[in-house]
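**Q** Next up is a structure, given as structure tokens.
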Amino acid sequence: MSSVQQKNAVMTEGSITKKIIFFAIPIFIGQLFQQLYNTVDSLIVGNLISSSALAAVSATGTLTFLVIGFFFGFSQGAGIIIAREIGAGNAERTSKAVHTAVAMGLFFSAVITTLGVGFSPFMLRLMGTPEEVLPEAVLYLRVYFMGCTGLIMYNTFVGILQASGDSRHPLMYLVISSMLNVVLDTVFIAVFKMGVDGAALATIISQ
């Protein structure tokens, strides 16, 4: 057994119920922290900028949640394949599965960034975003999509780590990232007097 497997949870040994519970708890907490990004942006923007800025950020919530949900599903699907190969003890196929997942993550990053930046106004209008908040909503969403590689690759690597039995480190990284997001939100908006683009920039830097 490799040193990595020794450090991570071996799901086929010992009490299965106990291992599933302790493996799932960090994942559950991590999902809560992942949803904090848009929530924190909304709270700080609403208190430090204006109500229209808050409406602009809130208008993007559905789209950002959709992106997070899609790539969380992608990472879990990739993780299933990787976990199967790890369980079979097939190092070559494990390596191939990991590299394929990373390559697909990078490919999706390029596609989503291009489409997101180019079609943000169209998507927001399709969702019925009010015209008075549309410019700020477009600005926030475009900055967010410019940095979505961090979000996509985070979820990709989370799937890989969880496939090897490690659900603790992804949570640790996400907690640090969430705390950094709060700090950068405050600095960019309260100190540098930036608008909704500051909130989006804080999110993508922390990711």
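**Q** Which length gain, in nm to one decimal place, applies between Ala110 and Arg93 when the Cα-Cα distance is subtracted from 0.36 nm times their residue separation?
**A** Length difference between fully extended and current span is 3.5 nm.
**Q** What is the distance, in nm, between label points placed 7 Å from the Cα along the Cα-to-Cβ direction at Ile25 and at Leu66?
**A** Going from the Ile25 label point to the Leu66 one covers 3.6 nm.
**Q** Packing-wise, with mean Cβ within 10 Å as the measure, how do 176-188, 52-64 rank, highest first?
**A** 52-64, 176-188
**Q** Given an 8 Å cut-off on Cα distances and at least 6 residues of separation, report the relative contact order of the chain as a percent.
**A** On the way: 226 pairs, mean separation 68.4, N = 207.
For the chain, the relative contact order is 33 percent.
**Q** Placing unit charges on C-beta atoms (Lys and Arg positive, Asp and Glu negative, everything else neutral), compute the dipole magnitude of the stretch 12-157 about its Cα centre in debye, rounded to 20.
**A** The calculation lands at about 420 debye.
**Q** While we're here: Please identify, among Ser51, Ser164, Ser75, the residue showing maximal mean-square fluctuation in a Gaussian network model of the chain using a 10 angstrom Cα cutoff.
**A** Ser51
**Q** Still on this structure, please answer the following. In the stretch 59-207, what percent of the accessible surface is made up of carbon and sulfur (1.4 Å probe, ligands and nucleic acids excluded)?
**A** Details: 5350 of 7240 Å².
The C+S portion of the solvent-accessible surface of the stretch 59-207 is 74 percent.
**Q** How many nm is it between the label spots at Lys18 and Met172, if each spot is 7 Å from the Cα in line with the beta carbon?
**A** Reported label-point gap for Lys18 and Met172 is 2.2 nm.
**Q** Counting every Cα pair in the stretch 37-118, what percent are over 14 Å apart?
**A** When all Cα pairs of the stretch 37-118 are counted, 72 percent exceed 14 Å.
**Q** For Lys18, which aspartates and glutamates qualify as cross-link partners when the Cα separation must be under 16 Å and same-chain residues fewer than eight apart are set aside?
**A** Asp166
**Q** May I pose another question? Consider the candidate values (i) 37, 19, 17; (ii) 24, 22, 17; (iii) 36, 19, 13; state which one is semi-axes √(5λ) of the Cα gyration tensor in Å computed from the structure displayed.
**A** The value computed from this structure is option (iii).
The values are calculated or read from the model by the stated rules, or taken from the named source; none is laboratory data. The shown structure was predicted, so the numbers you read here are calculated from the model rather than taken from an experiment. Heads up, the Cβs are rebuilt from the backbone with ideal geometry, glycines too, and the neighbour counts pull from every protein chain shown. Quick note on the areas: whole protein, heavy atoms, side chains included, nothing else; ligands and nucleic acids left out. Shrake-Rupley method; radii C 1.70, N 1.55, O 1.52, S 1.80 Å.
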